[in-house]
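J.: Let me give you the structure first, and then I'll get to my questions.
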Amino acid sequence: MACGNCGTTEDGVPKGCKSNGNCGSGTCGSGSNKLAVFDWLSNMTLPSGQERFNIFEVRFKNGRKHFYKNPDNLPITMGDIVAVEGSPGHDIGTVSLAGELVKVQMKKHKITEDHEEVKKIYRKASQRDIDIWQQARGKEEETQKKGREILGRLGLQMKLSDVEYQGDGNKATFYYTAETRVDFRQLIRDLASAFSIRVEMKQVGARQEAARLGGVGSCGRELCCSTWLTDFRKVTTSAARYQQLSLNPLKLAGQCGKLKCCLNFELDTYLDALKTFPKQDLVLKTEKGEAVFVKMDIFKNHLWYTYKEERFKWFRLTLEQVLEIVALNKDNEKSATLEEYEADVEVPVKVDFEDAVGQDSLTRFDAPKTSKRRNNRNKNKKKPVVGAVAIATQQKPNARRKPQAKPQNKTQPQPQQQNKPQAQNKPKPRPRAKPKPRPKPNSSENAKAKPNADAKADVVAKPNIKTNGAANTNQPKGEVKKTSKPRRNNNRNRNNNSPKNGSDSEK
């Protein structure tokens, strides 16, 4: 099934495919699908006195096609299910092509009208023929499974890839792949006795096996061999070398284990572009020394060279500069250094992706979103103790009250004595710079002796003296610590009292 027009030249250069992936020998399928055929001559009438071509192309399982005569001149059109001659018995297939296009296909396959492979069409398939055909097709999966079990029992080095039943159910063709010659005579006897049918063994290659099974390639599309490519040409590693590809068998091999057929699709373009490039083994002679080839970018016309003695530095040159150096070397002249040539090369600016449409970032969903409530909770957890928090948070509003709070403490120390033991019950001391001096025991007498020291402060402190003043002055310092009030209530009272004092003092 190899293409005769594609191959290699005398120098070992592959010819490639001259029709952009569609084989020049004409054996490739037409259209984007291997099984789809468009008869573009169906609406045209034949010249007067000319009869219609009486040979049809019939398609079977997995794209297998053959040509058949219509000796009885049956009214057959494309898409009809017909019963054709088999060996032995009959087979059932679908008419895939009719008319003058069959002549073109026969000419490409080099098959004449009186060829041995051109057999007869018996009739249009009846409902009974179709039922038997579908019943036989339903046995193929189970037959393949049991056939593989027989292969394992015999220990043969072969792989059973597919089974195809004939339309009448009397014959089955077993397709297999094997690397070496296999003696399967005992296998045929076991298969015939197990299924009570006529057995035919047919060896196929790895590419044909992949075409029959189908699949998805590394490009993300369905395999070319299972959709439209029917002519499998030889692919060599030289096709990858000419395209500057790394010779990695994991990347160059397809699902069949062979080199990918698509390596030949773009080979012609690369070969045409490489005609103007110098040979890679050519040595450039400069004033600084000899330079050798490193790599190239074919479609940007850039080549990289390095000195033999200093290989750590690569120099980018254009194709025109390299051809100029080659021309000078032919005249036995040395060119300038590669540094001077590289300085004249204009490196194209790489254009990064620009969000012109206003799309969001592709990684916007990678980082998990944190809720505001959780952030607020974390902030509250990181805060210091309640006493320290109260002072830190009330520094700004109490800044105005500080100058007015000093005379209150001097004249009336009784509320101060009440607040200080409360601070001692707290787990951590207040973060003030210097604690205020404690009042002396005679401070209450001094306050009584000078009632008019600060009139405004007396008005504010009178309700506090009536409620708590007498109790606080009579109690010693040690007993004040044994307060039964909760800490939170004291803080609330202190916070509630402070704005009152502040507002009265401002008045």
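J.: Among the numbered criteria (1) open to solvent by 50 Å² or more (accessible area, probe 1.4 Å); (2) more than 16 Å from residue 244 (Cα to Cα), which single criterion is violated by residue 345?
T.: In the conditions (1) open to solvent by 50 Å² or more (accessible area, probe 1.4 Å); (2) more than 16 Å from residue 244 (Cα to Cα), residue 345 misses (1) alone.
J.: Could you name every one of the helices (runs of 4 or more DSSP H) located completely within the stretch 77-176 that has at least 2 residues being under 41 Å from the mean Cα position of the chain (by Cα) and not small (Gly, Ala, Ser)?
T.: By residue number, 127-137, 140-154.
J.: If you don't mind, there's one more thing I want to ask. I'd like to verify a number: residues in the stretch 163-185 that are surrounded by 15 or more Cβ atoms within 10 Å (Cβ to Cβ) and among the charged types (D, E, K, R), how many?
T.: The number of residues fulfilling the criteria is 3.
J.: From 60, 67, 53, grab the single residue that is aromatic (Phe, Trp, Tyr) and farther than 21 Å from residue 167 by Cα.
T.: None of the other options fit; the residue is 53.
J.: Let me ask something additional. Can you say whether residue 58 is crowded, with 16+ Cβ neighbours inside 10 Å and part of a strand (DSSP E or B), as far as the supplied structure shows?
T.: Spelling it out, residue 58 is indeed crowded, with 16+ Cβ neighbours inside 10 Å and part of a strand (DSSP E or B).
J.: Please specify each residue of the stretch 234-265 satisfying the condition of being out of contact with any Ser or Thr (no Cβ under 9 Å at 6 or more places or on another chain), crowded, with 19+ Cβ neighbours inside 10 Å and in a loop (DSSP other than H, G, I, E, B).
T.: Listed by number, the residues that qualify are 235, 256.
J.: Take the residues of the stretch 205-230 that are assigned to a loop (DSSP other than H, G, I, E, B) and touching a Leu at 6+ places or on another chain (Cβ under 9 Å): which is nearest to residue 265 (Cα to Cα)?
T.: Checking each candidate, the answer is 229.
J.: Among the residues of the stretch 204-211, is any touching a Cys at 6+ places or on another chain (Cβ under 9 Å), within 25 Å of residue 92 (Cβ to Cβ) and either modelled with pLDDT of 95 or more or open to solvent by 40 Å² or more (accessible area, probe 1.4 Å) (or both)?
T.: Yes, that holds for at least one residue.
J.: Restricting attention to the stretch 297-314, does a residue exist that is open to solvent by 30 Å² or more (accessible area, probe 1.4 Å), in a strand (DSSP E or B), more than 24 Å from residue 287 (Cβ to Cβ) and at pLDDT 75 or above?
T.: yes
J.: Separate question: Filter the stretch 61-91 for residues that are open to solvent by 40 Å² or more (accessible area, probe 1.4 Å) and touching a helix residue (DSSP H, G or I) at 6+ places or on another chain (Cβ under 7 Å) and give the result.
T.: Once the filter is applied, which keeps residues that are open to solvent by 40 Å² or more (accessible area, probe 1.4 Å) and touching a helix residue (DSSP H, G or I) at 6+ places or on another chain (Cβ under 7 Å), the stretch 61-91 yields 62, 81.
The values are calculated or read from the model by the stated rules, or taken from the named source; none is laboratory data. Note that the coordinates shown come from a computational prediction; the quantities given were computed from them, not determined experimentally. Positions of Cβ are generated from backbone atoms using ideal geometry, with glycine treated the same way; all protein chains shown enter the neighbour counts. For accessibility, only protein heavy atoms count, side chains too; no ligands or nucleic acids. Shrake-Rupley method; radii C 1.70, N 1.55, O 1.52, S 1.80 Å.
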